[in-house]
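Colleague: What follows is a single structure, and I will ask about it in a moment.
The values are calculated or read from the model by the stated rules, or taken from the named source; none is laboratory data. Being a predicted model, the structure only gives us computed values, none of them experimental. Here the Cβ positions follow ideal geometry from the backbone for every residue, glycine too, while neighbour counts run over all protein chains shown.
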Amino acid sequence: MTFETETKPGIPAATLVLVRDRPQRRPELLMVERAAKMRFAGGAMVFPGGRIDPGDHALAQNDRVIRGAPGDALQTAARIAAIRETLEETGIAVAFDPLPDHGATVQLREALHEEADFGAMLASGGWQLDLGLLTPWARWMPNFKQERSFDTWFFVAKAPELARDEADGGESVSSRWASAQRVIDEAQAGKCSIIFPTHRNLERLAVFESYEETRIHAEAHEVKLITPWVEERDGEKYLRIPDDAGYPVTAQKLTEMVRG
């Protein structure tokens with residue numbers, strides 16, 4: 001794996017970490033397995049998400065169907081993209097008011113697959129998006145040479161009650177709920193693949209015993225753009241991130257890396 005020495009603009013994107021509390025156990029997170037054919041993170045376990053598209057920016061200006069949108073216009077569009085992509089990839093409607101029933105959720109998802117206008121769908125169904133239910137968690141822009149670079153907003157949100165997930169069979173081939181530590185352990189055992197940003201975020205998420213703890217931690221840390229860099233230590237090269245961004249592990253040997 002090689003990296004650019006200068007930062008280049010990234011493709012705007014957003015991802016959503018859905019947290020589901022469990023009695024007496026660590027929370028579960030919703031993960032999806034990327035199709036092996038995908039150029040970015042092919043075959044890897046990731047959080048649902050995708051590009052911020054022009055429709056998300058347009059919807060960010062429509063106060064009839066969105067509310068509770070702290071932050072600038074880009075962050076508002078990123079929240080909308082995270083909700084839209086999660087619905088499309090997993091079939092879970094997040095931050096909808098009122099919460100659609102299963103049948104309506106299926107119809108919304110099918111319409112997104114047919115590239116229907118998300119804002120028009122919300123308006124016709126009488127739904128609003130409460131963007132305040134998504135809490136900013138991180139912003140990453142890895143700068144891999146000769147690979148598309150994504151500037152990705154990460155948000156955390158509480159999983160809706162009775163959420164039913166199912167991968168879309170396109171970009172994502174499966175979905176599952178698992179604790180952060182379980183995914184890390186399975187990746188270390190070779191049972192699944194995770195890329196560097198996912199690994200670091202799972203380590204950070206694994207510390208907390210509830211969604212509320214996760215949210216409080218997120219609100220206590222200013223979101224800073226993270227672009228990993230290479231650093232040599234004792235003759236070995238490591239991929240590094242800042243020490244003040246809330247992550248318990250901030251370096252990994254390049255020889256242990258999985259490229260995204």
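Colleague: Does the range 176-216 hold any residues that are at pLDDT below 95, under 27 Å from W229 (Cβ atoms), of a type in the set (A, V, I, L, M) and over 16 Å from the mean Cα position of the chain (by Cα), and which are they?
Modeller: A187
Colleague: Continuing with the same structure: Name the residue, out of A82, A58, that is in contact (Cβ under 8 Å) with a residue 24 or more places away in the chain and either closer than 20 Å to P9 by Cβ or in contact with a strand residue (DSSP E or B) (Cβ under 6 Å, 6 or more places away or on another chain) (or both).
Modeller: Residue meeting the stated conditions: A82.
Colleague: Restricting to the range 64-79, count the residues that are part of a helix (DSSP H, G or I) and either surrounded by 19 or more Cβ atoms within 10 Å (Cβ to Cβ) or touching a strand residue (DSSP E or B) at 6+ places or on another chain (Cβ under 6 Å) (or both).
Modeller: 5
Colleague: Applying the selection to the range 64-93, what residues are in contact with a Pro (Cβ under 6 Å, 6 or more places away or on another chain) and of a type outside the set (D, E)?
Modeller: Those that are in contact with a Pro (Cβ under 6 Å, 6 or more places away or on another chain) and of a type outside the set (D, E): T86, T90, A93.
Colleague: Criterion first (in a strand (DSSP E or B), modelled with pLDDT under 90, in contact with a strand residue (DSSP E or B) (Cβ under 7 Å, 6 or more places away or on another chain) and aliphatic (A, V, I, L, M)) does V173 satisfy it?
Modeller: Yes: the conditions hold for V173.
Colleague: Determine, yes or no, whether L225 is surrounded by fewer than 16 Cβ atoms within 10 Å (Cβ to Cβ), under 18 Å from the mean Cα position of the chain (by Cα), touching a residue at least 60 places away in the same chain (Cβ under 8 Å) and under 22 Å from A78 (Cα atoms).
Modeller: yes
Colleague: Does the range 102-115 contain at least one residue that is more than 14 Å from I52 (Cα to Cα), in contact (Cβ under 8 Å) with a residue 12 or more places away in the chain, assigned to a helix (DSSP H, G or I) and in contact with a strand residue (DSSP E or B) (Cβ under 6 Å, 6 or more places away or on another chain)?
Modeller: Scanning the range 102-115, I find no residue that is more than 14 Å from I52 (Cα to Cα), in contact (Cβ under 8 Å) with a residue 12 or more places away in the chain, assigned to a helix (DSSP H, G or I) and in contact with a strand residue (DSSP E or B) (Cβ under 6 Å, 6 or more places away or on another chain), so the answer is no.
Colleague: A follow-up question, please. Would you confirm whether any residue within the range 116-129 is within 26 Å of P12 (Cβ to Cβ), touching a Ser or Thr at 6+ places or on another chain (Cβ under 9 Å) and modelled with pLDDT of 95 or more?
Modeller: no
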